[in-house]
1. Since A:GLY64 meets every condition but one in (1) open to solvent by less than 30 Å² (accessible area, probe 1.4 Å); (2) away from chain B (no Cβ under 14 Å); (3) closer than 27 Å to A:GLU103 by Cβ, which condition does it not meet?
2. Looking only at region B:196-227, which residues are within 30 Å of B:LEU122 (Cβ to Cβ) and open to solvent by less than 50 Å² (accessible area, probe 1.4 Å)?
3. Yes or no: B:ALA392 small (Gly, Ala, Ser), more than 10 Å from chain A (Cβ to nearest Cβ) and part of a helix (DSSP H, G or I)?
4. Name the residues in region A:37-50 that are within 12 Å of A:PHE14 (Cα to Cα) and outside any helix (DSSP H, G or I), would you?
5. Looking at A:PRO139, A:PRO118, which is the one that is buried (at least 18 other Cβ atoms within 10 Å of the Cβ) and under 21 Å from A:LYS59 (Cβ atoms)?
6. Being closer than 28 Å to A:VAL101 by Cα and open to solvent by 40 Å² or more (accessible area, probe 1.4 Å) is the filter; apply it to region A:28-61 and report the residue that is farthest from the other protein chains (Cβ to nearest Cβ).
7. Would you point out the residue of region B:386-418, among those that are open to solvent by 20 Å² or more (accessible area, probe 1.4 Å) and of a type in the set (Val, Ile, Thr), that is nearest to A:GLY64 (Cα to Cα)?
8. Of the residues B:ILE407, B:ILE428, only one is at pLDDT 90 or above, within 18 Å of the chain's Cα centre (by Cα) and part of a helix (DSSP H, G or I); which?
Amino acid sequence: MKIQKLNCFLGQNFALSDISFEAQPGEILSFVGRSGSGKSTLLRCLAGLEPYSVFQETKSTKLGFVFQSSNLFPHLNLEQNIGLALKKVQKKSDDEARVIVDEVLTKVRLQHCRHHFPQNMSGGEQQRGAIARALSLKPDVILYDEPTSALDPELVDEVYDIMLELKKTNIIQIVVTHDRRALGRISDQVGFIDQGRLQMLCAFQQMEPLLQQLSLDQRKYLELYV
Amino acid sequence: MFKFFMILFLFSGFASAESLRWAADTESGAPYVFYDAESLVMTGFEFDLVQALSQKMNREPRFVQNAWDGLILGLNNNLYDVAINGIEITEDRKKSVYFSEPYYATHVKIITKQGDTRFKKLSDLPSFKIGTLGGALSERILRSEEGVKIVTYESEALAHQDLLLGRTDAIFLDAPIAKYYSEVDKRFQIVPTEIGAMTYGIAISKKNPELLKSVNRALSDLINSGELKTIYEKWGLWNAATASLFGDTTLNRLKPTSFDKYKSHLNNDRSWKDKFEIYQKVGPLFLKAAWQTIKISFLAMIVAVVLGLLIVGLRLYGPRPLQYLTTGFVELIRGTPLLLQLFFIFYALPGIGIEIPALWAAIMTLGINYSVQESEIYRSGLTNIHKNQIEAAYMLGLTKWQTFWSIQLPQAIKLCLGPMTTDFIALIKDSSLVSVITLVELTKTYSLLSSTYYEYFGFAILTATLYLLIGMPLVILSRKLEQKLIK
């Protein structure tokens with residue numbers, strides 16, 4: 001996956017300017033930045049939810065998206081949530097769909113929630129359910145918009161565990177987050193976005209020396225993460 | 001048994017080619033046109049007049065029930081040929097309809113509670129609360145008298161009721177009404193002074209000058225042969241004014257048999273057995289009326305749901321111009337009274353060539369009126385869904401239509417069930433308004449029959465029970481569905 005010079009206007013302002021990055025299969029990219037910095041907008045552009053222009057991009061069209069909350073459809077149980085697109089979009093038979101549902105539920109360890117409705121599942125289970133639903137369509141990329149910020153701290157790890165396991169399947173995972181543990185624990189690359197620009201992009205371990213290039217204000221913010 | 005079929009038949013307001021379709025309001029209609037309390041057969045001096053008249057004209061009388069206020073409107077829309085219901089000949093009315101030669105002359109009387117001597121003449125009325133019937137000469141006289149606090153009623157029975165309850169100080173009514181409602185009841189007294197003068201005429205559409213001629217010919221036959229006088233004598237209504245109108249100065253010859261019969265049925269202390277018989281008699285009429293209410297409301301609900309979905313679809317997903325158009329439509333319908341809409345559809349549209357039968361006009365109007373409220377309910381249901389879900393559906397590759405059908409609609413239905421039930425119950429109750437366009441449904445039947453039997457309390461409970469029973473299945477259904485959806 002390769003993005004070169006992505007620009008996005010929202011209203012009259014530049015929401016994003018000249019964002020470029022590259023990701024290899026199996027990598028997890030984390031984007032951090034203050035509220036309003038444009039990091040969520042970047043994710044929405046990649047998902048096709050916002051209009052954008054780009055100099056050059058190599059990107060799979062098979063994308064999954066996991067929102068911060070309200071991911072699962074509340075009127076359907078978990079199995080139906082996952083099966084809906086399989087049947088309606090991919091025109092799979094009931095039996096084919098069931099096999100896939102089994103497979104993805106095993107991956108996210110949610111077999112026991114198969115017939116549960118979202119309101120009867122914990123926040124962590126709901127997020128894992130949303131990941132399972134994204135996985136069912138066999139995406140090359142999964143985009144996460146603050147997937148753990150609505151969760152209690154003890155539930156955060158169960159989501160990260162799943163994400164780390166998915167690395168093995170060569171899926172590219174791009175995460176926008178506020179969670180400082182995420183950077184060290186799961187990221188292969190960390191991007192820092194401020195005022196619509198990608199100020200820094202590197203491996204988590206290489207962050208410290210690079211901090212010197214940033215303004216004091218930006219450094220102060222990022223030091224919270226290191 | 002035959003009598004029941006007669007009444008059912010009359011209630012249906014059937015009309016055919018060779019008939020003389022005549023209209024009146026039978027609600028507290030004595031002595032004009034009303035239902036005999038004993039037999040529940042239609043009667044009244046105007047009923048007798050119509051029978052004699054159509055015999056002379058060699059036509060078959062067919063009755064059409066309409067609310068009094070709508071009588072002239074219906075005439076202009078060819079719902080019936082003539083309206084005969086104590087309609088006073090006035091210059092204003094003459095502008096919109098033809099009137100036959102007058103068939104009765106009378107005046108207005110003051111009625112007080114027994115023993116009340118405050119009121120002797122018109123000039124005693126100012127500064128008091130006086131009840132009268134809306135749209136009648138009596139009301140106009142009161143309006144010309146400064147300082148009178150006028151209370152208008154649609155039913156003479158209720159005007160009397162309120163006088164007894166002290167809500168008015170006196171009532172002011174046409175002499176025939178006074179005779180049949182006040183004279184027969186010891187609790188009232190009629191002040192002898194005769195006030196004003198008026199004549200009743202048969203109203204005929206201006207499109208029908210031929211009919212006017214033949215009605216006048218038949219009427220003059222009835223006057224000259226003394227047949228009309230006989231009718232008035234039987235009903236105890238022959239008076240000096242009518243005598244001079246007819247140029248007939250002969251004295252009263254006959255006993256008022258019809259009046260006596262009417263009086264004998266006005267027994268206020270009925271035994272339980274009498275009451276039981278009355279309820280047996282009116283039962284089928286109430287059931288038939290309930291069926292009419294069910295028919296109108298449930299068909300209107302279907303219209304409301306289908307149209308409501310269409311409106312919300314256009315408003316949320318239609319092209320811009322249609323969005324503006326439907327928004328305007330919603331505001332127009334929501335901002336105007338249902339009663340006005342009924343009048344418009346049934347009485348105004350025929351003016352531009354659109355004639356809709358009463359039943360369908362009622363269903364359409366109620367349906368359209370409620371479709372607007374339904375569409376608002378759906379709109380709030382559809383737009384209350386979290387934005388993430390629409391985007392999640394998009395990311396899963398669902399089309400807009402699939403998203404609407406599988407994600408938005410099921411959740412909206414759940415949100416809408418409660419408000420929809422409330423809305424439908426309101427519709428059932430609002431269906432009572434359709435009596436203004438000749439339809440006889442539950443509430444109209446209640447007022448017709450309660451004023452025939454003076455059985456306000458019991459019939460009210462019966463009517464209320466029927467309304468509750470009609471709404472009950474809806475409530476149960478929506479509870480069941482809600483439980484199923486929540487699970």
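The values are calculated or read from the model by the stated rules, or taken from the named source; none is laboratory data. None of these values were measured; they are calculated from a predicted model. With ideal geometry, Cβ positions are generated from the backbone for all residues, glycine too; neighbour counts draw on all protein chains shown. Accessible surface is based on the protein model in full, side chains and every heavy atom, while ligands, DNA and RNA are left aside. Shrake-Rupley method; radii C 1.70, N 1.55, O 1.52, S 1.80 Å.
1. In the conditions (1) open to solvent by less than 30 Å² (accessible area, probe 1.4 Å); (2) away from chain B (no Cβ under 14 Å); (3) closer than 27 Å to A:GLU103 by Cβ, A:GLY64 misses (2) alone.
2. The first filter runs over region B:196-227 and keeps only residues within 30 Å of B:LEU122 (Cβ to Cβ), leaving B:196-203.
B:GLY196, B:MET198, B:THR199, B:TYR200, B:GLY201, B:ILE202, B:ALA203, listed by residue number.
3. Details: small (Gly, Ala, Ser): yes; more than 10 Å from chain A (Cβ to nearest Cβ): no; part of a helix (DSSP H, G or I): yes.
No.
4. Across region A:37-50, the qualifying residues are A:SER37, A:GLY38.
5. Numbers: A:PRO118 fails: under 21 Å from A:LYS59 (Cβ atoms).
Result: A:PRO139 is the single residue among A:PRO139, A:PRO118 that is buried (at least 18 other Cβ atoms within 10 Å of the Cβ) and under 21 Å from A:LYS59 (Cβ atoms).
6. Filtering first and then ranking leaves A:LYS59.
7. B:ILE390
8. Details: B:ILE407 fails: within 18 Å of the chain's Cα centre (by Cα).
One residue alone meets the criteria, B:ILE428.
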